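Values in this text are rule-based calculations from the coordinates and carry no lab data. Just so we're clear, the structure is a prediction, and the values are computed from it rather than from any experiment. Glycine also receives a Cβ, built like all others from the backbone with ideal geometry; neighbour counts cover every protein chain displayed.
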Amino acid sequence: MCIKKCLLPLSILWVTSACVFAQNTSRPALEKTALVEPMVDASHSRFFYFSSASRPFGMVNLSPDMELDGTWNSGYRYDEDTIKCFSHIHCWELSGIPVLPTTGEFKGHLGPSAYGSSYSHQQEVAKPGYHKVVLKDYGITAELTSTTRVGFHRYRFPKSPSASILFDFTTVLGSSGTQSASVKRTSAHSIEGAVTMAATVRRPKPITIFFIAEFDKDFESFNGWQNGKILSFTERVEGEHTGVFLRFKTAENEVRKMKVAISYVSTAEAKRNLQTELPHWDFDRIVKESANDWNAWLGRIEVEGGTLTAQRRFYTDLWHALQGRRIVSDVSGTYIDNTGAKPVTRQMPLDAKGKPLFNSYNSDSFWGAQWSLNTLWHLVYPEVTESFINSFLEMYKNGGLIPRGPSGGNYTYVMTGATMTPFIVSAYMKGIRGFDVNKAYEGMRKDHFPGGMMSKAGYEHNTFKGGGIEDYIGLGYVPYPLSSIKYGYHQDGTAQTLEYAYQDYALSQMAKTLGKTDDFLLFSKRALNYKNVFNKEIGWMWTKDRTGNWNQPVDILKYEHGFVEGNAAQYSWFVPQDVKGLIGLMGGPDAFTGKLNESFTKARTHGFVSGKSENPKDQELNRRVYINYGNQPCMQTPFLFNYAGKPWLTQYWTRQLIDSVYSGISPQKGYSGDEDQGLMGSLAVLMKIGLFSTNGGTSEKPFYEITSPIFDKVTIQLNQKYYSGKQFVISTKNNSAKNVYIQWASLNGKPLDQPWFLHETLVKGGQLILQMGAQPNKLWGSNLKMAPPSMSTVQ
């Protein structure tokens, strides 16, 4: 059950603790936000990727959209020349409430291609919590900011006898079409409505967004359109293919403001969100408060040294790690449960003052998060971790399964496996326990058996067959092909086997800690199933059919066909729970590191990523790579050298990866693939501060592996509501772009001769000092007896 520290509402706890941490920094209050570059990789935007006018995990994430139709290559697109709207929701399978101010002849009923406006990046400013752009076709300067649940607009109009603000409920936004809307005028300066966004292949049920829009000045008329035709004067517009617009006259440089509050529950809750979070009209105040909010969150990690560009990119990476996965509950704690036959309004538990103890979230999968969010959030933002776990346990209570990516209050069954198991286990092992531990274990255990998440392939909404869990238990692996029937996406047996084995290990460790000996033995045995898909004849993981025969022909670079968004060359390293066992399978440390080093050497020729192309033939060729840092399956690979007695190769290749994949602040490049709501951003943060956790912190005693930081000093402010220490400092001596190798290390004043140390040591506070040099010290950290822990020992 919740312990005492959980009794403060997390919305308050976050702000309070963040402000305390901000006071510990010596930089000016807004400097962290000034370092963030929202335009990084904005040329290759996924609909939910780009963010500007949003708070951390904000329900509202308000920004311009250039392309509206499609999950990929949509939303804010830096290279496109037309802004079609400002929409309020850019989230995992959620979108909604597109608006645009205009002047002159009204074109809203003709669609976004007709009413969109040109703009110039030279007249644009984007930073955390704020966006400014000039709509050149209308002569309007638009400024956007937000609270957590309310979008705030400030428009400066030219002189016009026919200015308008339109709300378009006909268009597709991201992956979802607009199914219907109902909007009415409630006064001369307010409207309210409900918009239903259609179901998608990932989110199988429609979701309704309720909104309240208030204006600081009266509008002259409330108008609408349907099916491309403007309606006569009306007080309400409803149905399919509709939109509304408000008309008024403006003087030169006249400023008009608009507040748009949203809720997934009701217009009453949207109004409560508005009244609670934004009862005034002071736009500049909200911009400042948003910047202070972001600065406090970003200030949890202070970096010194390195280039200005490196610092700017670092805080951009950290900023990405704190958004994308959005709050969907109201300020009162109400939220929509869509797991049943029809939507049900539910209430988060409240504290003694009537405030919600935690939030409800919409979130992409935690697939791969063991190498990113597990480490960063649990260490630096433990209150976020705790809130997410409680949110997902609430969904387990409502729908019977812990989700691996909820959207619209429903399951999406995105990706594969029981991805929340490592997240929850890692949190528990690190002392984050402000949740119902017994309920969490019950839900995780269910997910590891038939009828749980391991029964589900990707987006398998109606059956429990594509996961192959019965075969995994009975045969010791998931066959490929599993069946002639495609139950969902990602029915890729060998990758599923490797993921399940790791997740089984994580659950075994929690079972051990909780004194569940039988479960510990059961899941520990299953955690060794990775050995069943290692083909000793070829020296790589490979696919087996149901009879136990290896599939032919062998092509370790063939994309998917047994491997989820990857190939055999990438997945052969996916044994985070037992790297030492994998080393043994591959013939010992020298053979292991030789093969891994060769994979990195080959990967360097294509920049460590798979490249981008819209041409299917080019895509197939680009994906034939040994290492791909544009996706999650092999994030851990450079750290495996630490386990094989060659930590200098970990130091070398992580620096190479940072320079090639996660450096620079260009709109044309940034994450070289799928950033996936903070997974790549948080991975980049960890690499740059020199900490990582191959097993995702799931062992009985979690630990961190060490690599080469790119900064002279990194100060991590610890949340003392969870950890006893105030801060942990990583200092480097003689660090530079050439001096990438650790010569020696000390931890809290004592020599450290191994490339890892315990989480419990870090969170007590202290200092890690690393002496750097241009040549590797092949003695430091090379003793195999002092390698990071694994399930088994090197054979």
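Between residue 767 and residue 229, what FRET efficiency follows from the Cβ-Cβ distance if R0 is 60 Å, with the result rounded to 0.05? So, using R0 = 60 Å, E works out to roughly 0.30. Estimated at 0.36 nm per residue, the fully extended path between residue 351 and residue 105 surpasses their Cα-Cα distance by 83.3 nm. Using the empirical formula 2.2 N^0.38 Å as the baseline, the Cα radius of gyration of region 348-390 reaches a ratio of 1.35.
Compared with the alpha-carbon gap, the fully stretched path from residue 778 to residue 536 is longer by 84.2 nm at 0.36 nm per residue. Listed by chain and number, the aspartates and glutamates placed with their C-alpha closer than 20 angstrom to that of residue 446 are 394, 436, 460, 470, 471, 499, 504, 518, 519; residues fewer than eight positions away on the same chain are left out.
The value for region 33-298 of Rg(Cα) / (2.2 N^0.38 Å) is 0.91. Here is the size of region 655-795 from its Cα atoms: Rg then Dmax, 15.9, 48 Å.
Applying the Karplus relation 6.51 cos²θ - 1.76 cosθ + 1.60 with θ = phi - 60° to region 557-574 yields 3J(HN,Hα) values of 9, 5, 6, 6, 6, x, 9, 6, 6, x, 9, 5, 4, 7, 7, 5, 9, 7 Hz, where x marks Gly and Pro.
With only Cα atoms counted, the chain has Rg and Dmax values of 26.1, 82 Å. If R0 is taken as 30 Å, the Cβ-Cβ distance between residue 734 and residue 666 corresponds to a FRET efficiency of 0.50. Translational diffusion coefficient, Stokes-Einstein: compute it for region 20-159 using the Kirkwood radius over C-alpha pairs as Rh, at 25 °C and 0.890 mPa s, and state it as an integer in µm² s⁻¹. Estimated diffusion coefficient is 157 µm²/s. For region 155-250, the fraction of C-alpha pairs farther apart than 19 angstrom is 44 percent. Cross-link partners of residue 159 among lysines, defined as those whose alpha carbon lies under 30 angstrom from its own and excluding same-chain residues fewer than eight positions apart: 84, 107, 127, 132, 136, 184, 217, 229, 249, 257, 259, 288.
If you take every DSSP beta bridge fully contained in the chain, what fraction is antiparallel? Give it as a percent rounded to 5. Of the beta bridges lying entirely in the chain, close to 95 percent run antiparallel. Between the Cα long axis of helix 267-277 and the first principal axis of the chain there is an angle of about 80°, rounded to the nearest 10. Quick one: of 465/544; 32/271; 701/733; 512/595, which pairs are farther than 26 Å apart, Cα to Cα? Over 26 Å Cα-Cα: 32/271; 701/733; 512/595. Fully extending the segment from residue 288 to residue 236 would add 15.1 nm, taking 0.36 nm per residue of separation and subtracting the current Cα-Cα distance. To the nearest ten degrees, helix 420-429 and the longest principal axis of the Cα atoms of the chain are 70 degrees apart. With the cut-off at under 20 Å, measuring from each backbone N in region 270-285 to a point 7 Å along the Cα-to-Cβ line of residue 187 picks out 270-283. What angle do you read, to the nearest 10 degrees and between 0 and 90, between the alpha-carbon axis of helix 679-689 and the longest principal axis of the chain? Between helix and principal axis, roughly 60 degrees. Please work out, to two decimal places, the log10 of the ratio I(q)/I(0) at q = 0.14, 0.19 Å⁻¹ from a Debye calculation in which every Cα of region 297-388 carries one identical scatterer. So the normalised log intensities are -0.67, -1.01.
With the simple spin-label model, which puts each label point 7 Å out from Cα in the Cβ direction, the residue 486 to residue 253 separation comes to 6.0 nm.
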